[in-house]
Amino acid sequence: MLASSQKTLIFLLKTIANSYCRAAVVSSRFRPLLRKASQKQIQEGISSHALSYLNLKQKTTQSTMETIQKQTGAAFTLKAGDKLKVIDPMGEQVSDMVLFNAEDTREKISSGKTLDFENTILITKGHHLWSNRSRKMMEILEDTNGRNDFLLAPCSPETFQIIYNNHEYHPSCFENLYSNLAQFGITPDDIPTAFNIFMNVQFASNGELSVDPPTSKAGDYVLLEAKIDLIVGLTACSAEQSNNYSFKPIQYEIIRAGNENS
Ligand SMILES: [Zn+2]
């Protein structure tokens, strides 16, 4: 006969072992989700179970409409075949988008390659967005407005100092992109020229550029399909001139592959 204290000890050890096994199963099941956890969340010491729940909730809600508040940004992942709908809910609002290969973030969206291979500077429905490694990253399936820019860099603190002579702090697409993409190990120097959805940049025959009010109306959208697994950065642009001097939100919807009808 075992002494009751020994029985208690064995019971406790079995309980701990069972908990450990369950935790391991849960951990492996949610590993892909955990991979998405931001360093900030990890550093804040949120337990792995709570983190799994939060990420599962985020993954679920990403199938519905998300709103990027004015002068802010977001970052998320897409699998090949997933579709992304970027919507201008109020009209005349630009959204900067950058793309990275989810498997190797040194591969990213390239303005030069895209303009070269598509043989135009007006990128819209039917065109692809290409990477610096000359691979297709996205296809534009629909574009209800039809005017986007792929010439100008994301607005940055220096944009407001140099063009607007504003030396105070000013929100910018550049900051909103790199701060949201930091969770994927992407640094400010990694941010390429963005595909500027709804941005209306006009050009004269002598090459002079002008940034005009967007032609997008409330509800206009661009629908894109991922051709490879992607990390996406998306903003509601913060530059006065680009948005007809009024900052508005941007909405987006992720339609997961094979889930179009849900
Ligand atoms: Zn901007």
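Please give the net charge around residue 166, taking every other residue with its beta carbon less than 12 angstrom from that of residue 166, where Lys and Arg add +1 and Asp and Glu add -1. Don't jump to the answer; show the numbers that get you there.
On the way: positive: none; negative: 158, 168, 240.
Charge balance near residue 166 sits at -3.
Roughly speaking, what is the stretch gain from residue 69 to residue 104, that is 0.36 nm per residue apart minus the C-alpha to C-alpha distance, in nm to one decimal?
9.7 nm is the gain from fully extending residue 69 to residue 104.
If you count, for each residue, the other Cβ atoms within 10 Å and average over each peptide, how do 203-209, 188-194 line up from highest to lowest? Walk me through the numbers on the way to the answer.
Numbers: 203-209: 7.9, 188-194: 17.4.
Top to bottom by mean Cβ count within 10 Å: 188-194, 203-209.
In whole Hz, with x marking every Gly and Pro, tabulate ³J(HN,Hα) for region 230-239 from phi via Karplus 6.51 cos²θ - 1.76 cosθ + 1.60, θ = phi - 60°.
10, 9, 10, x, 9, 10, 9, 4, 9, 8
Just to check I understand the Karplus step: with θ = phi - 60° and J = 6.51 cos²θ - 1.76 cosθ + 1.60, what whole-Hz values come out for region 149-159, glycine and proline as x?
10, 9, 9, 9, 6, x, 4, 9, x, 5, 4
Just want to confirm a number: the relative contact order over region 69-174, from Cα pairs under 8 angstrom separated by 6+ residues, in percent. Present the calculation step by step, with values, prior to reporting the outcome.
Numbers: 114 pairs, mean separation 23.0, N = 106.
This gives 22 percent for region 69-174.
Gain in length, residue 206 to residue 139, computed as 0.36 nm per residue apart minus the alpha-carbon separation, to one decimal in nm?
Values: separation 67, 0.36 × 67 = 24.12 nm, distance 3.11 nm.
Stretched out fully, the residue 206 to residue 139 stretch lengthens by 21.0 nm.
For residue 227, which sequence-distant residues (separation of 5 or more, or a different chain) have an amide H within less than 5 Å of its own amide H, given hydrogens modelled in the peptide plane?
Residues meeting the criterion, in which the H sits 1.01 Å from N, are 81, 138, 139.
For region 64-76, take each phi angle, set θ = phi - 60°, evaluate the Karplus expression 6.51 cos²θ - 1.76 cosθ + 1.60, and give the result in whole Hz per residue in order, putting x for glycine and proline.
So the Karplus estimates, Gly and Pro as x, are 10, 5, 10, 10, 9, 5, 3, 6, 10, x, 8, 9, 7 Hz.
How large, in Å, is region 66-255 by the Kirkwood hydrodynamic radius built from its alpha-carbon pairs?
On the way: mean 1/r = 0.0616 Å⁻¹.
Radius from the Kirkwood sum: 16.2 Å.
Can you give me the long-range amide H partners of residue 127? Hydrogens built in the peptide plane at 1.01 Å from N, cutoff under 5 Å, separation of 5 or more residues or another chain.
140
Which three numbers, in whole Å and largest first, are the semi-axes of the equivalent ellipsoid of region 154-260 derived from its Cα gyration tensor as √(5λ)?
On the way: eigenvalues 130, 77, 38 Å².
Equivalent-ellipsoid dimensions as semi-axes: 26, 20, 14 Å.
Give 70/113; 79/136; 83/125; 79/248; 113/217; 85/113 a once-over and call out the pairs whose C-alpha atoms are over 21 Å from each other. All intermediate terms of the calculation are to be shown ahead of the outcome.
On the way: 70/113 30 Å; 79/136 14 Å; 83/125 14 Å; 79/248 28 Å; 113/217 29 Å; 85/113 23 Å.
70/113; 79/248; 113/217; 85/113, as the Cα separations exceed 21 Å there.
Taken together, the values in this text are just the output of simple stated rules run on the coordinates, not laboratory data. Since this is a predicted model, take the numbers as computed values, not measurements. Here the Cβ is made from the backbone with ideal geometry for all residues, glycine too, and neighbour counts use every protein chain on show.
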